[in-house]
Amino acid sequence: MLVYLLLTLTVLLIALNVKSRQQECVAGVSGDYNYIYRGITRERLKSSVGIFAIFVLLTGVSSIRLNVGNDYSNYVEFMHRAFSGAIVPTEPGFNYLTILIYKISGFENYVAVFFVFAAATVFFFLAAIRKRSEDFWMSFMMFMLLGYYFQSISTVRWYLALSIAIFSAYYCIERDWPKFVLLVLVGALFHKSLLVVLVLYPMACIKWRRWMLGALGIMCLSTLFLKDFYLQVAIKLYPSYAGTEYLNTTGLSKVNIIRCLAVAAFGIYVLRKDITKDREFTFYFYCNIFAFLLYTFGSFIPTVSRIAYYLTVTHLFYIPMLINRVDEKMFIRTNIRTVLKVVTVAICVVYFIGYMRGAGNDGVRILPYETIFFHELPATLSERGFG
């Protein structure tokens, strides 16, 4: 755990020097000169160096781990089978990337595969936060303390897909549909669940009329009586869940329901009638509402949290934006924005403590932290034999 604590503290301190949404310094030159020099400010340079340092640290800790993460040994086994030409349950992108790296390496270099996944996941998350967040440190703090980074160590393919989803959201908001669709399709080569954002994200971009909200409400209520029907539809879409223990589990999460309600209430309080006036705020508002509906009415769907996570990950941007728009005139004697930031940090710290206490449990297994330098990978199923 000490490695994770030191890593978190270090990158959060570095992130204090990173500015968000910076523009290139444009210096106009008058007189006889007819060109514009586009330079770089000291602040922008510091931010770029800080981002690079964070990227190296996060990628490094993730990529040199050994048998750390819920599915590490399973992935090594899948890589071996994919390279051997056997049938595996993983997507084509994962399989072909593994084969390519193994052939280039000349041996079954699973460490290199994990490195590529770690680097890509960290890159897309950092790029999205830098590009879209109004407060880099707050968004990055939430990314670290709410466990997004540490879960990427445990659930490799899906968190790569999640990072691509949040990066692609920028193009969805900007209505740049070709880039949005292309990114999602590429990401779906590594985890097919990403395809749901082709529906959910555009739905969050539109202006919902009353009749549309009414139809959505009727559909939600229908789940109380047609659970079996909707479950069969879900199984048709994801046949790998058929006959598994996932069908006996529930995706009901009271914590996430309360979280979505709190964010919605905060957004309505801060923005009031303007909550869906801005294109970006409309997107974040409806993503939060859709997540609440999924957690509330779709808890019977296997691993519904994975679908909802594509929506709640937008909280990384939505909450800092809302805090920056709180009317300080209503609180003359109090710097309310600072207070809200402190409260947000405190909540995230409490969550982080709880997360780390269960970091060694099944389903997470990021503790104990072991590396390729001092430990050896236990024999995989293929090495032990199937007997």
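Which of the residues spanning the range 99-118 are in a helix (DSSP H, G or I) and in contact (Cβ under 8 Å) with a residue 12 or more places away in the chain? Give the derivation first.
Of the residues in the range 99-118, the ones in a helix (DSSP H, G or I) are 99-105, 110-118.
Residues satisfying the conditions are 99, 101, 102, 110, 111, 113, 114, 115, 116, 117, 118.
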Contact list, first residue from the range 213-234 and closer than 15 Å to residue 289 by Cα, second anywhere and at pLDDT below 90 and not in a helix (DSSP H, G or I), beta-carbon distance below 8 Å, six or more apart or interchain, is 216/208
By residue number, the members of the range 132-157 that are within 11 Å of residue 364 (Cα to Cα) and aliphatic (A, V, I, L, M) are 153
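Mind counting the residues in the range 83-98 that are within 28 Å of the chain's Cα centre (by Cα) and either farther than 18 Å from residue 191 by Cβ or not in a helix (DSSP H, G or I) (or both)? First the steps, then the outcome.
Within the range 83-98, the subset within 28 Å of the chain's Cα centre (by Cα) is 88-98.
Then keep just the ones that are either farther than 18 Å from residue 191 by Cβ or not in a helix (DSSP H, G or I) (or both); that gives 88-91.
Count: 4.
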(1) open to solvent by less than 40 Å² (accessible area, probe 1.4 Å); (2) in contact with a Ser or Thr (Cβ under 7 Å, 6 or more places away or on another chain); (3) not in a loop (DSSP other than H, G, I, E, B) all hold for residue 80 apart from (1)
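Quick grid of which residues meet (1) touching a residue at least 12 places away in the same chain (Cβ under 8 Å); (2) out of contact with any Gly (no Cβ under 9 Å at 6 or more places or on another chain):
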| residue | (1), (2) |
| --- | --- |
| 120 | yes, yes |
| 128 | yes, yes |
| 142 | yes, yes |
| 154 | yes, no |
| 157 | yes, no |
| 161 | yes, no |
| 178 | no, yes |
| 181 | yes, yes |
| 189 | yes, no |
Of the residues in the range 299-322, those that are out of contact with any Gly (no Cβ under 7 Å at 6 or more places or on another chain) and outside any helix (DSSP H, G or I) come to 300, 302, 313, 314
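Scan the range 238-258 for residues that are open to solvent by 60 Å² or more (accessible area, probe 1.4 Å) and either modelled with pLDDT under 90 or more than 30 Å from residue 277 (Cα to Cα) (or both) and jot them down. Explain how you work it out, then say what you get.
Residues of the range 238-258 open to solvent by 60 Å² or more (accessible area, probe 1.4 Å): 239-240, 243, 245-246, 248-250, 252, 254-255, 258.
Once the filter is applied, which keeps residues that are open to solvent by 60 Å² or more (accessible area, probe 1.4 Å) and either modelled with pLDDT under 90 or more than 30 Å from residue 277 (Cα to Cα) (or both), the range 238-258 yields 239, 240, 243, 245, 246, 248, 249, 250, 252, 254, 255.
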Taking the range 336-382 and keeping residues modelled with pLDDT under 85 and either open to solvent by 80 Å² or more (accessible area, probe 1.4 Å) or under 16 Å from residue 137 (Cα atoms) (or both) leaves 362, 376
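The values are calculated or read from the model by the stated rules, or taken from the named source; none is laboratory data. Every value quoted in this text rests on a predicted model; they were computed, and no experiment measured them. As a convention, Cβ positions derive from the backbone with ideal geometry for all residues, glycine included, and neighbour counts pool all protein chains shown. With ligands, DNA and RNA removed, areas are computed over all heavy atoms of the protein, side chains included. Shrake-Rupley method; radii C 1.70, N 1.55, O 1.52, S 1.80 Å.
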